[in-house]
């Protein structure tokens, strides 16, 4: 199979996040199974325009916005090139990853080529946080009605039940949609349950961007430190809000209480999370919550707000605690810390966390996506159509958990 994975960034881009991890884990596994995979993306300063990593061919074109038209031109150019024993230079299938807006790859592909548009979360409300109103309106139009028309012969792939509901209700998507969840692959550097200490360690692994609501983290640290002067909050991650975060820490007198680590190596991140009592998320919404599951794999529960994605990743009162509407997040964290003060309860929660995280595996994720691709390519070869399934086929929930099989629950 010749496959193109089109994503805004690659996993080594300075602003890479969960979407890049998802695209890369799929690409490297498909290539390892013999597929010819091109990962097409933008180019950060200093990155090579082309390189091969783990049998995946990376093609980097343009910057933050110019990558979109350049990807379409690149696909059109390949379509016009004749290859030996092939009708043309196109691909057998394309994974088109939407980060706010998709790449609209069907515009540049033969109609027979199936496209799966991967959506991590719906961005409609977030456009206003990053762009002037006119540009936010354009983004919302591209994400909604333009995408619906462009992918009408194809299918959406979503990463959680929350995203499935959002594409149905907020984007008006009536076509086929499948839940293919994230995986996780984090080894516990401690190898067991940490003992509760008098002065708790909290950690938040996040990109430093507006919709993560870093001010709520600082509010929380300020409240908790009043009664727990030895408390430490470790913030791991980088992004455009890093200067504002540093200024906020100083202005609130939280130096020594809140430690902003910036970007760190994976093993350092895992060690910081593993030794923490709690992992925190103050995001206003996610597609899933990869950092939540990675923390759970280390036996660390999460306190997060009851919002899209995070309500799927956190099993309330089992692998963490959700801050519901009307709750005070500091009160929820205090309640969580008191539960964790009991060694037996702490060990029970850690066991639940690890068991929950074990249900999400990148090999199973890639296998589910491979099944969808294979079926779509086989159908296209037989019928000449790129239609990728019935609009009533998708995902369901089993025992409150996301499932990738069975009829879709509207």
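If packing is taken as the average number of other Cβ atoms within 10 Å across a peptide's residues, how do 46-56, 310-320, 28-38 rank, most packed first?
Ranking the peptides 46-56, 310-320, 28-38 by packing returns 310-320, 28-38, 46-56.
Taking every DSSP beta bridge with both residues inside the stretch 1-143, roughly what % is antiparallel (nearest 5)?
Counting DSSP beta bridges with both partners in the stretch 1-143, the antiparallel share is about 20 percent.
Against the longest alpha carbon principal axis of the chain, how many degrees, from 0 to 90 and to the nearest 10, is the axis of helix 329-340 turned?
Helix 329-340 sits at roughly 70 degrees to that axis.
Helix 343-357 sits at what angle to the longest principal axis of the chain, using alpha carbons and giving 0 to 90 degrees rounded to 10?
In the chain, helix 343-357 runs at an angle near 10 degrees to the longest axis.
Considering the chain, what Rg and Dmax in Å follow from its alpha-carbon atoms?
When restricted to the Cα atoms of the chain, Rg and Dmax are 21.8, 72 Å.
Which three extents, in angstrom, do the Cα atoms of the stretch 135-189 have along their principal axes, listed largest first?
Sorted largest first, the three principal extents are 46, 28, 17 Å.
Using the alpha carbon gyration tensor of the stretch 201-357, what are the three equivalent-ellipsoid semi-axes (square root of 5 times each eigenvalue), largest first, in whole Å?
22, 17, 16
Using mean Cβ contacts within 10 Å as the protection proxy, how do 143-154, 209-220 order, highest first?
Per-residue Cβ counts within 10 Å, averaged per peptide and sorted highest first, yield 209-220, 143-154.
Sort 276-286, 244-254 for me by packing, meaning the mean count of neighbouring Cβ atoms within 10 Å per residue, highest on top.
276-286, 244-254
Under the rule of -39500 (n - 2.57) per DSSP H run of 4 or more residues, summed and divided by the residues of the chain, what mean residue ellipticity at 222 nm is obtained, to the nearest 500 deg cm²/dmol?
Dividing the helical sum by the residues of the chain leaves -11000 deg cm²/dmol.
For the stretch 1-116, how big is Rg over Rh, using alpha carbon atoms and the Kirkwood form of Rh?
0.93
Give the percent of DSSP beta bridges with both residues in the chain that are antiparallel, rounded to the nearest 5.
Among the beta bridges of the chain, antiparallel pairing accounts for roughly 15 percent.
Since every read-out is calculated from the coordinates, none of them should be taken as a lab result. Note that the coordinates shown come from a computational prediction; the quantities given were computed from them, not determined experimentally. So basically every Cβ, Gly included, is an ideal-geometry build from the backbone, and we count neighbours across all protein chains shown.
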